[in-house]
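As structure tokens, the structure follows; a few thoughts come after it.
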Amino acid sequence: MEIIGEKINTTRKAVEAAVRQRDAAFIQDLARRQAEAGAAFLDVNSGLPLDPEEEAADFEWLVPLIQEAADIPLCLDTAHPKVIEAGLRRHKGRAMINSVNGDPAVLESILPLAGRHHCKVIALTTSREKKIPAGSAERLEIAKAIARRAQDHGVPLEDIYFDPLVLSLATDQKNALVFLETLKAIKQELPGARTVSGLSNISFGLPRRKLLNQAFLVLAGFAGMDAAIADPTDKALMAMVTASEALANKDAYCAGYLRAFREGRLDM
Ligand code: THG
């Protein structure tokens, strides 16, 4: 399971303040700690300024700053093509774009960028109306349509991470199962495609959120989820990833599990 570190996001008050004040040390500390904890990518979201010009300036500052502290690729979490371009101009290596969806206008503005810059792409299985479709069949159809357009723009299936968008268990007790069904259908019908999810939505409105997030991560991992947007500095969560991958025969000789034990990463 690849973990996309979620912490550099201006919906978090302290990050918002650090970005506005250009507090380089604060941002670089977040970057370093997430990379050292095992993140494969770092999500970068400064989406609070509603002005895309300001968001683009944020990305021009953030991208090189973060990669100076953490030598891993970034996941550019913004709705605006101009902001993505600003980020890509400064990015080293292959970035991930977060995200496209089934809206043709979105696909035609962002997929050419992804193809030209050889990026990976997170694709939400939502349609133009931005409503999250209720059933897994409808979500699968959107995923297939996105896959076709991506292929046309030179983005292979292996570089697309489909995000079926999980909704809170508190609003409908079937939400986790609908998510898992969609995930399995995507893996089956689009072989080679990758899958991803944010972890925190599932537990919204319920107590002991971290417990639900961890259980969800284990179930989703078993259903074939390839990546999660999560907090890699959460030791219990990362230990759960390590343990469940060993149990799922994704860790030959339990070598990863034993190494994590020796390095104290399984201690809570
Ligand atoms: N899918 C995709 N992209 C996404 C999401 C998704 N990007 C944004 C979001 N969901 C994932 N990112 C975060 C970032 C931070 C937090 C949660 C999700 C977070 N939450 C604390 C909480 O909810 O309690 C806030 C507390 C704090 O300030 O630290 O930190 O689903 N493609």
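The values are calculated or read from the model by the stated rules, or taken from the named source; none is laboratory data. Here the structure is a predicted model, which is why all the values come from computation and not from measurement. Cβ atoms come from the backbone with ideal geometry, glycine included; neighbour counts cover every protein chain shown. Surface areas here come from the heavy atoms of the whole protein model, side chains and all, with no ligands, DNA or RNA. Shrake-Rupley method; radii C 1.70, N 1.55, O 1.52, S 1.80 Å.
In terms of distances greater than 32 angstrom between alpha carbons, the cross-link table entries Lys131/Lys235; Lys7/Lys250; Lys120/Lys174; Lys13/Lys120; Lys7/Lys82; Lys210/Lys250 yield Lys131/Lys235. Of the two radii for segment 92-169, the radius of gyration is 0.97 times the Kirkwood radius, both from the alpha carbons; that is the Rg over Rh value. Applying the Karplus relation 6.51 cos²θ - 1.76 cosθ + 1.60 with θ = phi - 60° to segment 169-183 yields 3J(HN,Hα) values of 5, 6, 8, 7, 5, 8, 4, 5, 5, 4, 4, 5, 5, 4, 4 Hz, where x marks Gly and Pro. With the alpha-carbon atoms of segment 1-155 aligned to their principal axes, the span from lowest to highest coordinate is 45, 28, 28 Å, starting with the largest. Here segment 71-131 is treated as an ellipsoid with the same Cα gyration tensor; its semi-axes, largest first and in whole Å, are 21, 11, 9. Here is the tail figure for the chain: Cα pairs spaced more than 34 Å apart come to 15 percent of all pairs.
If you take the beta carbon distance between Arg33 and Ala137 as r and set R0 to 41 Å, what does 1/(1 + (r/R0)^6) give as a FRET efficiency, to the nearest 0.05?
After rounding to 0.05, the efficiency reads 0.50.
Which GluC sites (Glu not before Pro) in segment 1-70 sit in a loop by DSSP (not H, G, I, E or B) and have at most 16 other Cβ atoms within 10 Å of their own Cβ?
none
For the chain, give the percent of accessible area contributed by carbon and sulfur heavy atoms, probe 1.4 Å, rounded to a whole number. After summing per-atom areas, the C and S share lands at 55 percent.
Please give the per residue accessible area of the chain, computed with a probe of 1.4 Å over protein heavy atoms only, in Å².
Values: 12870 Å² over 268 residues.
Per-residue accessible area for the chain comes out at 48 Å².
Among the trypsin sites (Lys or Arg not before Pro) in segment 21-93, those placed in a DSSP loop whose Cβ has at most 15 other Cβ atoms within 10 Å are Arg22, Lys92.
Helical runs assigned H by DSSP (4 residues or longer) give the chain a calculated mean residue ellipticity at 222 nm of -15500 deg cm²/dmol, each run adding -39500 (n - 2.57) before division by the residue total. Between Phe41, Phe59, Phe204, the Gaussian network model of the chain with springs among Cα atoms under 10 angstrom shows the greatest mean-square fluctuation at Phe204. Scalar couplings 3J(HN,Hα) for segment 258-268, obtained by applying the Karplus form with A = 6.51, B = -1.76, C = 1.60 to θ = phi - 60°, are 5, 5, 4, 4, 4, 8, x, 7, 9, 7, 9 Hz; x denotes Gly and Pro.
Among the GluC sites (Glu not before Pro) found in segment 106-144, those both in a DSSP coil and sparsely packed, with 11 or fewer other Cβ atoms within 10 Å of their Cβ, are Glu129. Against the empirical curve 2.2 N^0.38 Å, the C-alpha radius of gyration of segment 116-226 lands at a ratio of 1.07.
Ranking Met238, Met96, Met268 by solvent-accessible area of protein heavy atoms (1.4 Å probe, all protein chains present), from largest to smallest, gives Met268, Met238, Met96. Calculate log10 I(q)/I(0) of segment 1-81 for q = 0.20, 0.24, 0.25, 0.26 Å⁻¹, where I(q) comes from the Debye formula with a single equal point scatterer on each Cα and nothing for solvent. At q = 0.20, 0.24, 0.25, 0.26 Å⁻¹ the computed log10 ratios are -0.81, -1.17, -1.26, -1.35.
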